[in-house]
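Quick notes on the structure that follows.
The values are calculated or read from the model by the stated rules, or taken from the named source; none is laboratory data. Just so it is clear, the structure is predicted and the values come from calculations on it, not from any experiment. Here the Cβ is made from the backbone with ideal geometry for all residues, glycine too, and neighbour counts use every protein chain on show.
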Amino acid sequence: MTMNRLLPALMALTVALGPLAWASTHAAEQPLLIPGKKALYQRVLSVPGARLHDEPASGTGTDVTPFTAFYVYARRAADGSEWLKVGTDRHGGSSGWLAGQSTIDWAQGLTVAFREAVDRDRALLYRDAASVRDLAKNRDLEKYGALYRAAEAGETSEDSPVVAIQPPGRLDIRENFYLVPILRHEDLYLGSEQARLLQVSSVPLDSDKPLPPTAPPQQPAAVAASPADSATTTEDTGYRAGLAFAIDATLSMDPYIARTREAVLKIYDALGDAGLLGNVNFGLVAFRDSPQAVPALDYLARTYVNLEQGRNPGTFLGRVNDLSAATVSSRDFIEDSFAGVKKALDEMEWSSHAARYLVLVTDAGPRLADDPLSSTGLDAQALRQLAREKGVAIFVLHLLTDANKADHASAAAQYRELAKFPGIGSLYYAVPTGDVQEFGHVLDTLAGQITMQVQMAAGAQPLPTKPVEPEPSTNPQLAELQSKVAKLGYALRMRYLKRTESGKIPNVFNAWLLDRDLRDPEQRTLDVQVLLTRDQLSDLHDILKGVLQTAEEGLLSPQNFLNELKSLAATIARDPQQLGSTTATTAGEGNSLADLGFMREYIEDLPYTGEVMNLSLEDWETWPARRQIEFLHGLEDKISYYRALHDHTDLWVSLDGGPVDGDSVFPVALEMLP
């Protein structure tokens, strides 16, 4: 072959083999392993302000989306500081170099969120672990009290072991995104309670950004304006409450619908007298049951009034006058009440309200997640979690009518769970015999108490040092509910007032804190979460659904089924980016963490693990069939929750400031994961 003919052939061969040769070389580059591990790679998160460079300490670099997770491919010293060669995947695709100080170690995907401090101290962040160990070991409450008072007053000295205190109120990540990843942990005891000492990094998305300003409260007008004018002119009076009803509209509910209408009308009158129309907005959703089962029911759930429309009494009453109970019976003695609650959570505009209340009124038990006629596929816990993420407190007024007597106990258990509010308790009330008069009295009391709280806040009255307890009712159950409403209103108003102070989220690196209250060790100070992207949540939904389907088809033995679940749970906690590659069902037979022998490596050193990780085959086999079925139904409930959370675009945070997409993030509570 002549050189003239050989050259084109060699060029063609080079072009053909080029990608293969590149892939071979590229695939050889792997991220650095965590010391002592065989399968876990070093990972970091970029902090706000991080910039990616072509070479260490070169050029100005390009901006990196905050909290992007990177794998570490190399570490190098340059200009007296450490630089990391990083990539967004573990397959050799390095992106560039980041300065070590603009990253946080990300050995596992767990992060924590401060629980709102209701009836307990705010969490303290300490400079070193030794100070916390000493306080915990000796339970020196006097020393702790002095440290706490100084931190609360913003007067900590330079030699104080305390470097920061948990921000007051509840931080809404949609407005002030922050991340508190766990770097290290150790177990210790507070009295008889096992606690954890955590080393964390506290990193807000924008540490210089003040909390959102809120319009200053205005004094009530001396003369009430017309309803239409009031609904417009009081928009900027600061503290507003949204009160929505999800009311059963099945057969025989007409008296309760009428009494609810009457209660709302009384509140409108009171607000009008105070010049505060528009400070409490009302919404109403009616629900029945599946029209597929009984077509004459007409609808499953329908929004009659949203909170914006409910600012005006004329609009509210005009729309609610069209509501009446069904004229035919449902299929049985339970209704899809969760459909009404979810519709209210989905369709009400809650974000402009400082206090958010949803009152469920029903005489029937709910359709549970495993019921073929359930439209939500959610259980009480998952639905409550969705409400909590929107900042909505759910009240349940359960009418114990004789017709549904056989269902009272099981329905009450579900509704008590649905109505739990952190730090307050369950906002559940059982109306004996479904008595319309008592129902009306409870509704008037509840709504009146909420209205009074709004009037105090809008009138710029100073917040008392503790909740103002109402005049106790002679009815013990109502007195208990009133006390809880007082605590709830106080906590919500405190949160609102703290937001108006334009405080900043503390920007503290490598601080130490306890996950339990030092004064009251039974109370947890933190919620454990996993930061997931919207795409990762979608993958989790599909994978868990696939694992369950494969198990139901009899293609998985109990041992392999548990291994699949553990592989999934461990992957989420350690490295959510690997979802889809660590279970046999999704990555091909023989590729699960258990099959590869890496299960222990993924689970060990995690400070918190879920139910699945601690479940053994021996435990499973000793469970009665009923408990096994309940466990499977719990997994199915979580699948429905993932779908609902994915579809609630208002809950997701886009770290780059753009529209919500697959890269938007949300911290999912650990208990809601497999």
Answer yes if at least one residue in the range 151-159 is at pLDDT 90 or above, within 28 Å of Glu186 (Cα to Cα) and among the charged types (D, E, K, R), and no otherwise.
no
Return the residue satisfying two criteria in turn: it lies in the range 366-383 and is in contact with a Phe, Trp or Tyr (Cβ under 7 Å, 6 or more places away or on another chain) and under 30 Å from Gly448 (Cβ atoms), and of such residues it is surrounded by the most Cβ atoms within 10 Å (Cβ to Cβ).
Pro366
Looking for whichever is in a helix (DSSP H, G or I), out of contact with any Cys (no Cβ under 6 Å at 6 or more places or on another chain) and closer than 26 Å to Pro291 by Cα here; the options are Gln453, Gln385, Gln437, Gln414. Which one fits?
Gln414
Flag for Thr60 being β-branched (Val, Ile, Thr), more than 30 Å from Ser567 (Cα to Cα) and in contact with a strand residue (DSSP E or B) (Cβ under 9 Å, 6 or more places away or on another chain):
yes
Among the residues of the range 600-647, which ones are in contact with a Lys or Arg (Cβ under 6 Å, 6 or more places away or on another chain) and among the aromatic types (Phe, Trp, Tyr)?
Tyr602
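Among the residues that make up the range 137-153, is at least one of them touching a residue at least 60 places away in the same chain (Cβ under 8 Å), touching a Ser or Thr at 6+ places or on another chain (Cβ under 8 Å) and not in a helix (DSSP H, G or I)? Break it down stepwise before answering.
Here is the first cut: in the range 137-153, the residues touching a residue at least 60 places away in the same chain (Cβ under 8 Å) are 139, 141, 144.
Subsequent filtering for residues that are touching a Ser or Thr at 6+ places or on another chain (Cβ under 8 Å) retains none.
No, the conditions are met nowhere in the range 137-153.
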Hey, could you check the range 60-79 for residues that are of a type in the set (Val, Ile, Thr) and outside any strand (DSSP E or B) and say which is farthest from Ile34 (Cα to Cα)?
Thr60
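Could you pull out the residue among Ala107, Ala117 that is touching a Lys or Arg at 6+ places or on another chain (Cβ under 8 Å) and surrounded by 15 or more Cβ atoms within 10 Å (Cβ to Cβ)?
Working: Ala117 fails: touching a Lys or Arg at 6+ places or on another chain (Cβ under 8 Å).
Exactly one residue qualifies, and that residue is Ala107.
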Where Pro476 falls short, out of the listed (1) modelled with pLDDT of 80 or more; (2) more than 29 Å from the chain's Cα centre (by Cα); (3) buried (at least 16 other Cβ atoms within 10 Å of the Cβ):
(3)
Does any residue in the range 553-578 that is of a type in the set (Phe, Trp, Tyr) come within less than 7 Å, Cβ to Cβ, of a residue that is surrounded by fewer than 23 Cβ atoms within 10 Å (Cβ to Cβ) six or more places away or on a different chain, and which pairs are these?
Phe561/Ala551
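If you go through the range 600-621 one residue at a time, how many are hydrophobic (A, V, I, L, M, F, W, C) and more than 23 Å from Pro181 (Cβ to Cβ)? If you could, list the steps in order and put the result at the bottom.
Let us first name the residues in the range 600-621 that are hydrophobic (A, V, I, L, M, F, W, C), namely 603, 606, 612-613, 615, 617, 620.
Now narrow it down to the ones that are more than 23 Å from Pro181 (Cβ to Cβ): 615, 617, 620.
Summing the residues that are hydrophobic (A, V, I, L, M, F, W, C) and more than 23 Å from Pro181 (Cβ to Cβ) in the range 600-621 gives 3.
Inspect all residues belonging to the range 161-175 and state whether any of them is in contact with a His (Cβ under 8 Å, 6 or more places away or on another chain) and modelled with pLDDT of 90 or more.
So in the range 161-175, the residues in contact with a His (Cβ under 8 Å, 6 or more places away or on another chain) come out as none.
Checking the range 161-175: not a single residue is in contact with a His (Cβ under 8 Å, 6 or more places away or on another chain) and modelled with pLDDT of 90 or more.
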Pairs returned, first residue in the range 235-247 that is part of a strand (DSSP E or B), second residue that is among the acidic types (Asp, Glu) and at pLDDT 90 or above, beta-carbon separation under 9 angstrom, 6 or more apart or interchain, are Gly242/Glu349
